[in-house]
Each structure stands twice: as C-alpha cells, then as structure tokens.
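Let me begin by presenting the structure, written as structure tokens, before commenting on it.
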Amino acid sequence: MDGTMILEWLIKSLILILTMTVGFAYVTLYERKLLARIQVRIGPNRAGPFGVLQPVADGIKLIFKEELTPTNADKLIFILAPVLTVIPALIIGAVVPWGTEVSIFGRVVKLYLADINIGVLYLMAVTSISVYGLALAGWSSNNKYATLGGLRAMAQMISYELALGFAMIVPVMMAGSMSLVDIVESQKSIWFAVVQPLAFVIYFIAALAEINRSPFDMPEAEQELTAGYHTEYSGMKFALFFMAEYIKMIAISMIGASLFLGGYRGPFIDLYPALGPLYLFIKVVVILFVIIWIRATLPRIRYDRLMQFGWKILFPLALLNVFITAVVLVWAGG
C-alpha cells in the first residue's frame, strides 16, 4: 500500500464527511423552504440572499447557547450519547458508490470510498448502532419523559429494522451480491424499484421509522413527551442529535437510490462517468422531497398503531416478498 493510495482514501473520507455535514445544514433549509411552500407561507428569507445563510446563522446561535447538564444525570453517558448517535450516521455512506471511475491528473480514481463484498451487511450493522445513542440519551438524563422517549426509540427502531432488513435483502438476491457497486451495476437495464415496487415501498416506510421522521416521530412527540429523549439537551449536544437525524435522512436516501433507483446510473453514464455523482444527487433530492412532503401532509399516528403496523403488516409483508422473490429466482434460474 503506497502513500498515494492512503492520500486518496483520506481525501475521499474528507469529501464524504464534508458532504454529509454541509448537506445536513442545507437539508434543514430545503425542508423549511419546502414546508413553507406547501403551507403557503414565506419561510426563512432574512439571513443572506433568499435565506441561504440561515443554516450558518442557526449554527452560530447553537454554538453560543448555554449547555445544561441535569444534576443527577450520568454525566459521561449524557455527553457520549449524542456522539454515539452522530458517528454511525457519518460513516454509513462509506460503502455507497457515487460513480464508477474517472481520470484525475492521469490517475484513475474510483468514485467510492470502499467496495466491500458485504456492503449491505455493513449498512445493517451500522444503522443498528444509533439506537444505543437514543436509548442511552434518554436513560442518562434522569428524566421520565426522556427515558420514555429513549424506550420508544429503541422499541420502534428494533421493530422496523426487521422489515427494513428484509426489504434490503431483495436487491441482494436479485443482484447476487452484497456489494453496492454490483447492485447498482445490476440495474443497467431496469431499476429494481420497477421490478420490486413492494420492496421499495417497504424500505421507504421502514427507513422513515428508523430515523424517527413523521409520521413515525413518536420518540420525540412534543405533546406527550416534551421532546422525548433529547428533552434535557441544549446547545451543541442538542445540535448533534439534530445533525444525526438530517444526516440519516441523506444516508437512507443515498442507500435507497443505490438499492432500488439505479444509484449513480443514468443517461450517457458510460460515456461520461463524471455524471454519476450528479445523477445520485438528483435522486437523493427527489427522495428527500418525498420525506419532507410526508411530514407536511400526514399526522403522527398513535404509538400502539405504529407498533402494530410494524409487526402485523410490514414485517409479514416483507418476509412474504422475500419468499416469493426467492421462489421466482430459483424457478427462473432452473
């Protein structure tokens, strides 16, 4: 392994982390502008031209806000919980390809950080880690509302991970590989979302529940839990939870686009490989639009119905879809 290879990995890692962190800031602006448009109001328009500096203003405000720690909180876990939530969100994109290969200064550079043969398994493992951050944040706060929020988050994420996992297995079965690069390349002729619309819908619904987005934002239901697991958090520690949620939105959009919508593939991609990141970006923006649209449209559902929907409808449906897909693939292959 030469120094050039290590330098390339470092640059790609920095690009990925900067894309996620800057993307988080501007997804908040995208959401606020879009919600304002849907709800027929103005939205942020004061900080910078058309409000484009609003995320910067919000960041500066949060930096200077006072940080409070409850007297009887478990201080070490209280501080570590936001970090434990945001790190998995940042590293989840390591196996998502942005494109194929491009030539930069005479050197062929692959447009992804890592292509591992268990890429989908890596995604499932990393997404499972963030549940600890939410549960520990609620427990360490020594607050009943926060504890209930943490318990809700843990139960909800574990429940919907099963359906999410079975939905992600379908593209793996169809591509015959767990590598996301292979899965994207398998969609040269047709997207898996066209062949497997049910798996895509199940993935999308389960992913919304995984990142606690409306209408599944039960762990932070302000009417019931006064914000849930992050009730006692303020300043930059609160900002980390905020950051984790929006980075996870970007991550599940990238993963969904790669598994079901052809990822970086699009017209003329074989002739112009540099178009790959642009195609992936467009697909991510469209998925984010739908996520925000759902928030503006659907009310929060009751918690018992949320759990019933996950266990009694989504999970059996995902399992049945995997079974039927396996039978069809074996029959077609035989």
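Rule-based calculations on the coordinates, nothing more; no lab input. Treat the numbers as computed from the prediction; the structure is a model and nothing was measured. Cβ: placed from backbone, ideal geometry, glycine included. Neighbour counts: every protein chain shown.
Helices meeting the span-like rule in the chain (full DSSP H runs, Cα extent of at least 30 Å along the helix axis, mean Kyte-Doolittle score of -0.5 or higher): 3-38, 119-140, 144-175, 235-260, 276-297. Entry note, the chain: relative contact order of 23 percent, from Cα contacts under 8 Å with a spacing of 6+ residues. Among the listed pairs Lys188/Lys312; Lys61/Lys110; Lys61/Lys312; Lys61/Lys248; Lys12/Lys75; Lys65/Lys144, which are separated by more than 32 Å between their Cα atoms? Too far apart for the 32 Å limit: Lys188/Lys312; Lys61/Lys110; Lys61/Lys312; Lys12/Lys75. Note on Ser159, Ser214: ascending count of other Cβ atoms within 10 Å places them as Ser214, Ser159, the fewest first.
Within region 267-303, the chymotrypsin sites (Phe, Trp or Tyr not before Pro) that combine a DSSP coil assignment with at most 15 other C-beta atoms in a 10 angstrom radius are Phe268. For region 1-97, GluC sites (Glu not before Pro) meeting the loop criterion (DSSP other than H, G, I, E, B) and having at most 10 other Cβ atoms within 10 Å: Glu66. Where a ≥ b ≥ c are the square roots of the eigenvalues of the C-alpha gyration tensor, would you call region 93-227 rounded, which needs a/c under 1.5, or, failing that, prolate if a/b is larger than b/c, or oblate? It comes out prolate by the Cα gyration axes.
Within the listed set Gly48, Gly266, Gly23, the Gaussian network model of the chain (springs between alpha-carbon atoms below 10 Å) gives the highest mean-square fluctuation for Gly48.
Based only on other Cβ atoms within 10 Å, what is the fewest-to-most ordering of Arg213, Arg46? Write down the numbers at each step before the final one.
Working: Arg213 19, Arg46 9.
Ranked by crowding around the Cβ, least crowded first: Arg46, Arg213.
Need the full-extension length gain, Lys61 to Ser13, defined as separation in residues times 0.36 nm minus the C-alpha distance. One decimal, nm.
Working: separation 48, 0.36 × 48 = 17.28 nm, distance 2.80 nm.
My answer for the length gained is 14.5 nm.
By the helix-only formula, in which each DSSP H run with n ≥ 4 contributes -39500 (n - 2.57) and the sum is divided by residues, the chain has a 222 nm mean residue ellipticity of -22000 deg cm²/dmol.
Which ordering of Phe238, Phe323, Phe200 is given by a fewest-first count of other beta-carbon atoms within 10 Å? Don't jump to the answer; show the numbers that get you there.
On the way: Phe238 18, Phe323 11, Phe200 21.
Starting with the residue having the fewest Cβ neighbours, the order is Phe323, Phe238, Phe200.
Remark on Glu101: its backbone amide H falls under 5 Å from those of Leu111, a criterion applied only to residues 5 or more positions apart or on other chains, H modelled at 1.01 Å from N.
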